[in-house]
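So the structure is just underneath, and the comments pick up after that.
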Amino acid sequence: MRRNLTPRPPSLQGKGEPSGPPPRVGEGLGERSLRPRYIIVGQKVDSPKVQRAKELRREMTPAESLLWERLRGNRLCGLHFRRQQVIDGFIVDFYCHAGGLVVELDGGVHTAQAGYDAERDRVLARRELRVLRIGNVEVERNIDEVLERIARACEET
């Protein structure tokens with residue numbers, strides 16, 4: 001198994017390990033501070049939505065599996081991603097709270113649901129989250145370029 005050991009982008013690198021107790025939410029960490037607005041807490045998620053998210057994790061598309069293999073375990077620049085994360089009633093494909101970024105992989109079904117996707121993007125934008133839409137074909141044909149785009153988008157926080 002090949003691991004992506006790409007270093008963190010300069011804007012996401014810390015100044016070494018902090019000494020003493022961990023900072024509280026809102027306190028600085030070198031050049032970057034913890035951003036509680038990106039952590040999705042305090043939302044009620046109904047049981048059927050949780051079950052559906054679990055199903056989607058078990059039944060990923062080939063493109064989702066390929067991308068997840070490169071994102072999981074903080075493999076992309078040390079960034080933590082979640083898959084099939086419920087946010088305000090929507091299940092997003094991939095979510096990075098440190099970068100305030102939602103990554104959506106779009107296949108043929110998204111052509112027919114453009115209105116739904118637009119509403120979903122508006123709801124996520126209210127949480128100050130950015131949505132990066134990437135085609136399944138892009139992931140399958142050029143995963144390295146896709147990973148670079150995702151890393152740059154997280155850096156733009």
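The values are calculated or read from the model by the stated rules, or taken from the named source; none is laboratory data. As the structure is a prediction and not an experimental result, all values here were calculated from the model. FYI the Cβ positions are ideal-geometry reconstructions off the backbone, even for glycines, and counts take in every protein chain you see.
Determine if the stretch 91-101 includes at least one residue that is more than 11 Å from the chain's Cα centre (by Cα) and either buried (at least 16 other Cβ atoms within 10 Å of the Cβ) or basic (Lys, Arg) (or both). Talk me through it step by step, then tell me what you get.
Taking the stretch 91-101 first, the residues more than 11 Å from the chain's Cα centre (by Cα) are 91.
Then drop every residue that is not either buried (at least 16 other Cβ atoms within 10 Å of the Cβ) or basic (Lys, Arg) (or both), which leaves 91.
Yes, because at least one residue in the stretch 91-101 is more than 11 Å from the chain's Cα centre (by Cα) and either buried (at least 16 other Cβ atoms within 10 Å of the Cβ) or basic (Lys, Arg) (or both).
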Can we say PHE94 is touching a Phe, Trp or Tyr at 6+ places or on another chain (Cβ under 6 Å) and free of Cβ contacts under 8 Å to residues at least 24 places away in the same chain?
no
Could you say which residue among ARG152, ARG127 is under 15 Å from the mean Cα position of the chain (by Cα) and at pLDDT below 90?
ARG127
Which of (1) within 18 Å of the chain's Cα centre (by Cα); (2) at pLDDT below 95; (3) not small (Gly, Ala, Ser) does PRO48 not meet, given it meets every other one?
(1)
